[in-house]
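Here the structure comes first, spelled out in structure tokens, and everything after it is commentary.
The values are calculated or read from the model by the stated rules, or taken from the named source; none is laboratory data. The model shown is predicted, which means the values in this text are computed figures rather than measured ones. Methodologically, a virtual Cβ is constructed for each residue, glycine included, from the backbone with ideal geometry; neighbour enumeration extends over all protein chains shown. When the accessible area is computed, the model is the full protein with side chains, heavy atoms only, and any ligands, DNA or RNA have been set aside. Shrake-Rupley method; radii C 1.70, N 1.55, O 1.52, S 1.80 Å.
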There are 2 protein chains.
Amino acid sequence: MASNAAFAEVANLAGDPGRAGMLHALMDGRALTATELARVAGITPQTASGHLARLSTGGLVTVQKQGRHRYHRLASPAVARMLESIMQVAAGSAPRRKAFVGPRDLALRAARTCYDHLAGHLGVALADALVANGQIELTSDAGIVTGKGAALFDRLGIELDATFDKKGSGKRKGRMLCRPCLDWSERRPHLAGQVGRALCRHCFTAGWIKHVDGTRAVSITAKGQRNFRDVFGIR
Amino acid sequence: MASNAAFAEVANLAGDPGRAGMLHALMDGRALTATELARVAGITPQTASGHLARLSTGGLVTVQKQGRHRYHRLASPAVARMLESIMQVAAGSAPRRKAFVGPRDLALRAARTCYDHLAGHLGVALADALVANGQIELTSDAGIVTGKGAALFDRLGIELDATFDKKGSGKRKGRMLCRPCLDWSERRPHLAGQVGRALCRHCFTAGWIKHVDGTRAVSITAKGQRNFRDVFGIR
DNA sequence: GCGATGCTTTGGCCTTCACCGAAGCATTTC
DNA sequence: GAAATGCTTCGGTGAAGGCCAAAGCATCGC
């Protein structure tokens, strides 16, 4: 098998604790410098440098140099989905020591970004609320935005591209579909895909949530509290 | 981070060439013995045994002993999806040597099973045909079975469970959603999820396709040729 | 029982690779 | 220019783990 070696190589890149820590940190979709990544992974900059070089040639991250800084980010949404799927398996086979999750862990479980959409308790609560209000319908395989949902997004000023990529035949109007993504901390689906991305972006630009320091965790602002309650019926 | 170590461990399990080969072989969803897996991975049985023990305690495969045989299979659909997503990244960063794909590779590219659904040229052609006939609609995020599609499946005798898992509130009728899955060899989506599984199962039971020896590759029977042409308009 | 088959465990060899300290570039700042 | 900062390359060390041969358990068939 030709692709077997490439498979093992990619998996191996994610299979080192140091590299895993850096990839984990990059899951929020932002670009970070080598020193920052070294710090979160708990290794020295020179070690991180070597790892990042390998991740780069392996096609998992891309580098963008800017002055004396080098910004690293995940190479593609496919990489983010891969990391997410590994996390799901890891969460399933986890040692399940429920005692003592650290404070940082708690913040992550409450609300965090997952590459380009929202996850954690907030992400799941949003998905639940949209389902309960009849604005989306979800199975484990896929989801769809109903007419009520489309009206809501329109009211919020969230633009969704309701066209299909039919190669050749040009764009065509169709239903808005969305992708569910099993949350590794909540074990329940949250919204991913195009709809999840648009919703997450809106939450940030509207000032409903903001990042905690430089982590994937997000905190809900007072304005966000109000809107999540009034618009979605959360809390 | 509590889950970081578990993440690296899971990824590392898939990151060894020997284990990767075995996992790859298990991707067709069947249960294989340690000796068979050793052969496809190109290692000795005792080495394979060690690897399988680690994969088992790591939660990637489950073992089922039957007489003096021990059958191994992927532990869950989540594991299959993880392997699939790693393949996609690996295919994206592949060395792109298009020259010389082996005969086995050719058979795999033509048609194969991917855990519980169809992939390869056939899988993509089926998805394309269903879209072209207006029986399903697909985006990169998700898909939906249209009324025409539901009629087709009904005519074929394929039962689809059109209910949503709304915990607490009991079952509820809804639209049939399906999951697209990017094919690593064709770079185009094929049908996965519940619909993909049901369709694949039907193709086998109706005698339209059958497995080639003991591999993931499938061959199309004469009866299958006719039906794929008459029912779906393929070829 | 006895041999054959499937699988696992043990032991020893050997490669791989993560790690850090120190030195070397590159870029910015003064 | 000189110092400071971000990052990389080099060299050496140490541990982890893949590999196989041989021996040890199980199970099946006669």
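General remarks:
- Verdict on residue A:53 being crowded, with 18+ Cβ neighbours inside 10 Å and modelled with pLDDT of 90 or more: no
- Pick from the range B:57-82, criterion away from chain A (no Cβ under 14 Å) and more than 22 Å from the chain's Cα centre (by Cα), ranking: farthest from DNA strand D (Cβ to nearest atom): B:70
Matching residues to (1) touching a Cys at 6+ places or on another chain (Cβ under 7 Å); (2) touching a residue at least 40 places away in the same chain (Cβ under 8 Å); (3) open to solvent by less than 70 Å² (accessible area, probe 1.4 Å); (4) not aliphatic (A, V, I, L, M):
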| residue | (1), (2), (3), (4) |
| --- | --- |
| B:11 | no, no, yes, no |
| B:16 | no, no, yes, yes |
| B:20 | no, no, yes, no |
| B:61 | no, no, yes, no |
| B:70 | no, no, no, yes |
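- Subset of the range B:29-42 (residues that are within 13 Å of another protein chain (Cβ to nearest Cβ) and either surrounded by 21 or more Cβ atoms within 10 Å (Cβ to Cβ) or within 12 Å of DNA strand C (Cβ to nearest atom) (or both)): B:41
- Failed criterion for residue A:185 (all others in (1) outside any strand (DSSP E or B); (2) surrounded by 14 or more Cβ atoms within 10 Å (Cβ to Cβ); (3) modelled with pLDDT of 90 or more hold): (3)
- Verdict on residue A:134 being open to solvent by less than 40 Å² (accessible area, probe 1.4 Å) and modelled with pLDDT of 90 or more: yes
- Residue count, the range A:167-179 (criterion: at pLDDT 50 or above, assigned to a strand (DSSP E or B) and either more than 8 Å from chain B (Cβ to nearest Cβ) or open to solvent by 30 Å² or more (accessible area, probe 1.4 Å) (or both)): 1
- Filter pass, residue B:54 being within 13 Å of another protein chain (Cβ to nearest Cβ), over 21 Å from the mean Cα position of the chain (by Cα) and more than 8 Å from DNA strand C (Cβ to nearest atom): yes
- The range A:83-92: number of residues that are more than 7 Å from chain B (Cβ to nearest Cβ) and among the aliphatic types (A, V, I, L, M): 1
- Qualifying residue in the range B:138-154 (condition: at pLDDT 90 or above, surrounded by 21 or more Cβ atoms within 10 Å (Cβ to Cβ) and within 29 Å of residue A:5 (Cα to Cα)): no
- When residues of the range A:83-112 are limited to those that are among the aliphatic types (A, V, I, L, M) and modelled with pLDDT of 90 or more, the one surrounded by the fewest Cβ atoms within 10 Å (Cβ to Cβ): A:110
- Subset tally (residues that are surrounded by 15 or more Cβ atoms within 10 Å (Cβ to Cβ) and either without any contact (Cβ under 8 Å) to a residue 12 or more places away in the chain or not in a helix (DSSP H, G or I) (or both)) for the range B:205-235: 12
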